[in-house]
Every structure is written in C-alpha cells, then in structure tokens.
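Just below is one structure, and these are the notes that go with it.
Please treat every number below as a calculation from the coordinates, not as lab data. It should be emphasised that the depicted structure is a prediction, and the values quoted were computed from it without experimental measurement. Because the Cβ atoms are built from the backbone with ideal geometry, glycine has one as well, and the counts that use them run over all protein chains shown.
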Amino acid sequence: MYRSFALISLGLTGLLQSVHAQETLESCLQNNKIQTSFAAQNSSTWFQDSAGWQGRVRPVPSGVAFPTTVEEVRMSLKCATDANVKVAALNGGHSFVSYGVGGNDGALVLNMTAFNSMSYDKATGYFTVGGGAHVGPAATFLWNNYGAHFPHVRGNWVGLAGSAIGGGLGTTSRFLGTTMNNLVSVTMALANGTVVEASESVNTDLFFAIQGAGSSYGIILSLTLKTWKPTYPDVTKWTIVLPTNTTLDIGVKALLAVQEYGLAESTPDEMYIRWRLTVPVWGGSGYFYGDPIAFSSVIQPLMDALPVGTNLTTSVADFWTMENDATGGLNATSETSNSRSFYVKSIVLTKDHPFTYENAAALYNFTSLAFNRSDISQSGLLDLWGGRANAKLQECDTANAQNGNLWIVRWEGDLKGSDTARGQPTLYTQNAIDYVKSGMQPFLAQLAAEGAQIRGYANYRDSELTPQQWSSQLYPNGNFARLQQIKRVVDPSELFNPNAQSIPV
Ligand SMILES: Cc1cc2nc3c(=O)[nH]c(=O)nc-3n(C[C@H](O)[C@H](O)[C@H](O)COP(=O)(O)OP(=O)(O)OC[C@H]3O[C@@H](n4cnc5c(N)ncnc54)[C@H](O)[C@@H]3O)c2cc1C
C-alpha cells in the first residue's frame, strides 16, 4: 500500500517536473524571440520539423529551435540548461538512428539551417561552411565558383557537418580521405556558451573528439575543409557484372580478387570500388579519377582475375557530370531521395583482418543468398576504403578510428512502401530488425574466430548495440576513455547527451 502510494507520488512528481521543464523551455526561447516549433503549438509543420529521414526511429523532441545567429545558439543552450533538457543539433537529418532529432524523446533540437554561409580562400584552397549546410549545395557552390571539390558522402541533402563528424566516405576518398580527414578546423559553441575553435593546433583534444563524436561536445557553427582540383577533366565510370551462373564459391573468390586488386601497390587510389553484397547479380561499379586513357590497362589485372564471361562496361564524362552521377541530385536545390524506414547492420574490416574465403562465404550465404522476407527488401554494399590518405592515419588521430580501414560492410533491410516524405509514420518491427541482425551473425562469428576486433563506422550508427559494443567498436582501445576525459572538461553536465550513444562523463 505504502509502496503504491510512493510510486504514484513519484510518477506525479516526475510528470509535474516535465511539465515545468517544458514550460520553462518554451517561455525562455519565446522570450528571447528565437523561432520555434512545438507540438503544443499545433503547427502544421511540427511533423516535418521534428522528423528525421529515417522513419524507423521517431523520437518526439521537446521542441525545435531555429537559431539564426551565434547569440541565439548560445541563448538556446542556456534555455535548455535551465529547463534541464538535452540538446541535439540538426543538420541534414539523415542519421540512420535519427540522432539529429535527438534519438530519444525530449531533446531540444537546434535546427541549424540558417548557418549555411560558404566561403573559399583562394590562397589556401580552404573552404569554410556553416554548420547547417547540406552536401549538395556546398559541393555545387565550390565547383561552380572555383572548380574545386572536397570528398563527400553520396547523398545530396545529407548534412555536411553531420557527415563530417561521422566520416564521410565518398568516391574520391581513397586518394583524398574522408570529409573528416579534410577538416582543417571547426568552430563550436560549447555547453557553457563559449565559442571555440578546434584544430590540429588549438583545442586539439576537442578536435579529436569532434572526429567521431562531435555531437556529444557542442554545436558546430562552421567547419573549414581542405579542397582539391581535379587533375584530369574527365572521369571514367565502370560497371562489372559476373556471369549469370556465378555460384557462392565463384562470387566469394571474385570478392577476394577485388580485395587483392584494391590492396595491390600497382592499383591507383584514384580507383573507387563499390562491390555488391546484394546478389544474385554479382559484381560492382566505380569511378576512376586517373587519366581516362590509362583506364583499360589499370582495370585489366582485375578483369584477368575475374571469371571468364565477366562483363565490363564503361563511360567517360566530365568531372561534374560524374559527381552528379555518383551523388544523385548533387546540384539540386532540395532533397532528391525520399525518406525511408530501414535498419542497417554495418561493420568496418581493417587491413589486419580483411575478407577471407570463410568470412566472405558466411557473409553472402546468410545475408543476401538466404534473404526471404516479404515486409522488407534487402540492400547490401561493400565499399572499398584504404588508400594513401587512410594509410597516414594513426588510431588515436580520430575518435572514431579510421586507420587501416579497408572495407565498409553494409547490410540493410528497407521497409517496403516506406519510401515517403519525411514524418510519415511507418511500422518497422523488432522481428525485422532481428532478422537483419541475424543474417550478419555467422559472418561476425567467423570474424571473431579469426581474431578480428569488430570496428564500427560512426556515420552508420547501429541502434541495436549495447554500450559495451558501440563504445569499443566506434572508439577502440584508448579512444573511448580519452573521449570521457574530454567530456568531463567540456560538457560535465551532459547537455549534449540526448541519445543512447552520447559520450557519458
Ligand atoms: C541517403 C543517404 C546517403 C548517405 N550516403 C553516405 C555516404 O555515401 N557516405 C557516408 O559516409 N555516409 C553516408 N550516409 C550517412 C550519413 O553520412 C550519416 O547518417 C550522417 O550522420 C548524416 O548527417 P546529417 O547531418 O544529414 O544528419 P543529422 O541527423 O542532422 O545529424 C547526424 C548527427 O550529427 C549531429 N550534428 C549535425 N549537425 C551538427 C552540428 N552543426 N553540430 C553538432 N552536431 C551536429 C547530429 O546531432 C547527429 O548526432 C548517408 C545517409 C543517407 C540517409
């Protein structure tokens, strides 16, 4: 009896506290004349404002603020602190686990759309972009005005800040590195309202933390990237399709041939390769940024190692045409791909523990070849990483370790019919998540038997991992402990901990 009474009064106290927090937050933001969107305002845009691209994870934020100045960002942080509400920055909203809108219920979301300034320094080739810019407009601005490029993800409306802090593997990353590897500096608003710069020479600990765990440390107001100008005006696109009678054995051997080719000293890093995990069409595609005249001789060693009857098709076009081919709608002025409801299981293979016959066979056999669902469709990709930019990295250079990364393995189940505008409700069952997970299990078990340490990719976050798993996979060895140390200094009250994979003090 006493226990029930205590529980009821505890529940009531919690409810009153959260109503009070909500009121404090709303009145503080409104008193400071910051544009907002709240569920209670019954605004027609609330569902759009509070939804990410991922339909499977639908947290309900406390509210969304649209700061337009640094002062408004600082004031928003103060309002959230006073109301005891966590904060998430929203850039492109393409997080696989909806972290841009908090990941969990109750965050104050800072929609950074107004922070979209862009400038290019001709002397250094450095490109400075606001923390709310999208990849497509940024790449287009840089190309149209200066004929320059930075390596970026293959999604036109993905956030540039959001993807840079998680990696940013694109078609030029084998020779230029990821977006993250090209960061020169970041300007960030911290929990206490100060605005600092972080780079390899100032606030170096914070700079390390930003590279893999940035959202746990503050709000990125702007970032500066190195850029590159194409050596050759034209790019070669290629597609390889193995014969239709390709068996598991032949397909696995073909993947090993691709890996050997990718690792060979003689293969230029200008060769980008994305190999299919989704079969029975076995093969892959890519772009070659070297001299188009040399393409035939460069690809020949790979063709020689693939089964007789393998088909190669190629086309050549100028750099910008191929940029738009690789990233659909790169030069468009709005999102060109519909949101969807999906679950991705992804890991990174390093050069120390690459594909072997056994682990690759387990991967294909229990994911794509075994796929048998009617509610979700399968999608699987193997992106070759490595290259000279990656070879320079140490494990402790970036919080989400990238040194020695060789492949991103991505296995995904997409809910059928969920390809819709943002904010539409969808039902992705736990059973479907478990199914996608279980398909990868034999591969993971084989890797463990081979002594591989599983590594994760921060841009492909997996909501199903335990704290022990995500902390060790994303931030291996000493990196996680270092992140916690930095957290204690920079955000001791965990203001920037809205989601399950925020760095705890
Ligand atoms: C269609 C599509 C294509 C993709 N292609 C690729 C690809 O080719 N290569 C690749 O590596 N990844 C790719 N991704 C993954 C993508 O890079 C990540 O999901 C990335 O986190 C999305 O960033 P965002 O800003 O769009 O998302 P958001 O949900 O807005 O943000 C992601 C995370 O970054 C934080 N964040 C955003 N802005 C700021 C800021 N200003 N300050 C502090 N923290 C911030 C958010 O709080 C959140 O934790 C793709 C995703 C999609 C949906």
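Side notes on the structure shown:
- For region 454-503 versus region 147-200, the spacing of their alpha-carbon centroids is 18 Å.
- No Cys partner within the rule (Cβ under 4.7 Å), the chain: CYS396
- Ellipticity estimate at 222 nm from DSSP helix runs (n ≥ 4, -39,500 (n - 2.57)) divided over the chain, nearest 500: -10000 deg cm²/dmol
- Within the chain, longest stretch clear of exposed trypsin sites (Lys or Arg not before Pro) (DSSP loop, no more than 11 other Cβ within 10 Å): 123-391
- Alpha carbon centroid spacing (whole Å) that separates region 71-134 from region 306-373: 29
- Among the chymotrypsin sites (Phe, Trp or Tyr not before Pro) in region 294-346, none sits in a DSSP loop with a Cβ that has at most 12 other Cβ atoms within 10 Å.
- With contacts taken as Cα pairs under 8 Å and at least 6 residues apart, the chain reaches a relative contact order of 17 percent.
- A cut-off under 13 angstrom between Cβ atoms defines the neighbours of LEU277, and their net charge, with Lys, Arg +1 and Asp, Glu -1, is +2.
- Out-of-range pairs (alpha-carbon distance over 28 Å; input LYS226/LYS253; LYS86/LYS392; LYS122/LYS487; LYS229/LYS253; LYS416/LYS437; LYS392/LYS437): LYS226/LYS253; LYS86/LYS392; LYS122/LYS487; LYS229/LYS253; LYS392/LYS437
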